[in-house]
Amino acid sequence: MVAPLRVAQVTATFPPYLAGTGQVCLENARALAARGHEVDVLTASQPGAPAQEAMAGIHVHRLPAPWRLGNAPLLPGLVRRLQGYDLIHLQAPFVLGAELARLAAWRSGAPLVITWHNDLIAAAGRGAILAAYQALTARLTVRGAALLCVVSLDYYAHSRLRRQLGAAAPEVVELPNGVDTARFHPDGPADVRRRLGIPDDVVLFCFVAALDRAHDFKGLERLLAAMASLPETAWLVVVGDGERRAHYERQAAARGLGPRVRFVGNVAHGALPAFYRVADLTVLPSAVHESFGLVLVESLACGTPVVASELPGVRTVVDPGADGFLVPPGDSAALRATLAAALALPPARRREMGLAGRRKVLARYDWERIGAR
């Protein structure tokens, strides 16, 4: 029996912002609180979100962020607020925040545990800057961690971080992302099609992601291009919002997709299952950067098969032909062909694949199982 600990969870993003890292942080915190630990989440302030909030046995502290670099907030008060904890758990990468968490751990003597979600990758000059920063954080922060948790050992083996750490890597364990299978399940209200005016006899694809620059890699542009070449019986619902939404809406209109693509904006995490349930497939056509794909296990938990890119980490979540399909990353022609093949499947076959995915999620990715670990 582990004595109760005072644990700080540190993350750049957190609900209500729609992104996998923040949701994983929330579930990690809930799992620890359910086991008797005192858990605080320290993150950045958000418009419309309270500075202090209690939820599910945890306490959320949204600190002032006078400056931001995309999704990376500068939190000047973080080091001071991280004193007095028995353990600091950092959700990384956290540009501008990781080194502050490392400094706080050094000053307080608390062990630093890091969950590494993915490498920092961007195009052209910005990509070079992020690569240089990650090399620095690997040396200054990650090497000093008491434990490094990775969402996929497959992804970590191919990651830039592993090369940057070299022989100086801390102990590494796999701690995958998960899903609340009591909330994400195949049974429940399925009136989304009716509310959105989507006919019952069309095949509906679902795409879930934040529609901001930080998530361009999710591949919505490629998906819209593929949709333009599919029959009119193929429809798409896009869940998420951000400064790029208008750009994607213009693309859909320019491709003549009309009512076949529905942008519904942000949806509370608890309301997501209804969208997965009414979809025939969930599509995640990331080109790079994706290390796991939380939406994939959420969709499978709801009994909906998936189409995803064959990337390290992501490919471990999908069993091709059994519960989904894998396509070469960035291959638009392969994506179109795969979606067309999925469109032609009998509905009973798609349901069979989805239920196979549900069984797999129960065995591997249920948050209760991961929480115990």
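The values are calculated or read from the model by the stated rules, or taken from the named source; none is laboratory data. Since we're looking at a predicted model, the values are computed, not measured. Backbone-built Cβ (ideal geometry, glycine too); neighbour counts: all protein chains shown. All accessible areas refer to the heavy atoms of the entire protein, side chains included, with ligands and DNA or RNA removed. Shrake-Rupley method; radii C 1.70, N 1.55, O 1.52, S 1.80 Å.
What is the gain in length, in nm to one decimal, between residue 266 and residue 69 on full extension, counting 0.36 nm per residue of separation less the C-alpha to C-alpha distance?
This chain segment gains 68.7 nm when fully extended.
Considering only the chain, what is the antiparallel percent among its DSSP beta bridges, to the nearest 5?
Beta bridges within the chain, antiparallel portion: roughly 15 percent.
Could you grab the relative contact order for the stretch 1-75? Cα pairs under 8 Å, six or more apart, rounded to a whole percent.
27
When the accessible area of the stretch 82-222 is split by element with a 1.4 Å probe, what percent falls to carbon and sulfur?
55
Please identify every one of the trypsin sites (Lys or Arg not before Pro) in the stretch 179-245 that sits in a loop by DSSP and has no more than 16 other beta carbons within 10 Å of its own beta carbon.
183
At what distance in nm do the modelled label points of residue 158 and residue 232 sit from each other, each positioned 7 Å from its Cα along Cα→Cβ?
Taking the two extended label points, one gets 4.0 nm.
Can you tally the net charge around residue 287? Count Lys and Arg as +1, Asp and Glu as -1, for every other residue whose Cβ sits under 13 Å from the Cβ of residue 287.
Value of the local net charge: -3.
Per residue, how many Å² of accessible area does the chain show with a 1.4 Å probe?
The answer is 41 Å² per residue.
Report the local net charge at residue 215: Lys and Arg +1, Asp and Glu -1, summed over other residues whose C-beta lies under 12 Å from its C-beta.
So the environment of residue 215 carries a net charge of -2.
Sorted from largest down, what three extents in whole angstroms do the Cα atoms of the stretch 160-290 have along their principal axes?
56, 37, 25
May I ask you to derive the relative contact order of the stretch 1-158, considering only C-alpha pairs under 8 Å and at least 6 residues apart, and to give it as an integer percent?
19
In percent, what relative contact order does the chain have, based on Cα pairs under 8 Å that are 6 or more apart in sequence?
14
Tell me, what is the Rg over Rh of the stretch 227-373, with Rh the Kirkwood radius over Cα pairs?
0.96
Carbon and sulfur together cover what percent of the accessible area of the stretch 226-373 at a 1.4 Å probe radius?
Here carbon and sulfur together make up 53 percent of the probe-accessible area.
Place a point 7 Å from the Cα of residue 121 along the Cα-to-Cβ direction; which residues of the stretch 135-173 have their backbone N under 19 Å from it?
Only 135-138, 150-166 fall inside the zone, counting backbone N under 19 Å.
Just to check I understand the Karplus step: with θ = phi - 60° and J = 6.51 cos²θ - 1.76 cosθ + 1.60, what whole-Hz values come out for the stretch 148-156, glycine and proline as x?
10, 9, 10, 6, 7, 5, 4, 5, 4
What residues qualify as long-range amide H neighbours of residue 63, i.e. H under 5 Å apart, gap of 5 or more or another chain, H built at 1.01 Å from N?
43, 44, 45
Would you kindly state how much longer the chain becomes between residue 147 and residue 196 on full extension, computed as 0.36 nm times their sequence separation minus their alpha carbon distance, in nm to one decimal?
Contour length minus the Cα-Cα distance gives 13.0 nm.
For residue 236, which sequence-distant residues (separation of 5 or more, or a different chain) have an amide H within less than 5 Å of its own amide H, given hydrogens modelled in the peptide plane?
So residue 236 has HN proximity to 205, 261, 262.
Grab the Cα-Cα distance for residue 51 and residue 351, subtract it from 0.36 nm times how many residues apart they are, and report the gain in nm with one decimal.
Roughly 103.7 nm would be gained on extension.
Taking the alpha-carbon centroid of each part, what is the distance from the stretch 199-270 to the stretch 109-171 in angstrom?
That distance is 32 Å.
Determine ³J(HN,Hα), in whole Hz, for all residues of the stretch 221-234 in sequence, where each value follows from phi through the Karplus function 6.51 cos²θ - 1.76 cosθ + 1.60 and θ = phi - 60°; x replaces Gly and Pro.
My calculation for the stretch 221-234 gives 4, 5, 5, 5, 5, 5, 4, 5, 9, 8, x, 5, 7, 9 Hz in order.
How charged is the neighbourhood of residue 311? Take every other residue with its Cβ under 11 Å from the Cβ of residue 311, and add Lys/Arg as +1 and Asp/Glu as -1.
-2
Quick one: Karplus J couplings for the stretch 184-198, per residue in order, coefficients 6.51, -1.76, 1.60, θ = phi - 60°, nearest Hz, x for Gly and Pro?
Computed from phi, the couplings for the stretch 184-198 are 9, 8, x, 9, x, x, 9, 9, 4, 4, 4, 5, 8, x, 9 Hz.
Counting GluC sites (Glu not before Pro) as exposed when in a DSSP loop with at most 12 other beta carbons within 10 Å, what is the longest stretch of the chain free of them?
Longest gap between qualifying sites, sites excluded: 1-170.
Between 202, 278, 361, find the one with the highest GNM mean-square fluctuation for the chain; connect C-alpha pairs within less than 10 Å.
Between 202, 278, 361, it is 202 that shows the largest mean-square fluctuation.
With a Cα-only, solvent-free Debye model of the chain, what are the log10 I(q)/I(0) values at q = 0.13 Å⁻¹?
Debye output, listed in q order: -1.06.
Run the quick spin-label model on residue 359 and residue 6: label points 7 Å from Cα toward the beta carbon, then report their separation in nm to one decimal.
Between residue 359 and residue 6, the simple spin-label model gives 4.8 nm.
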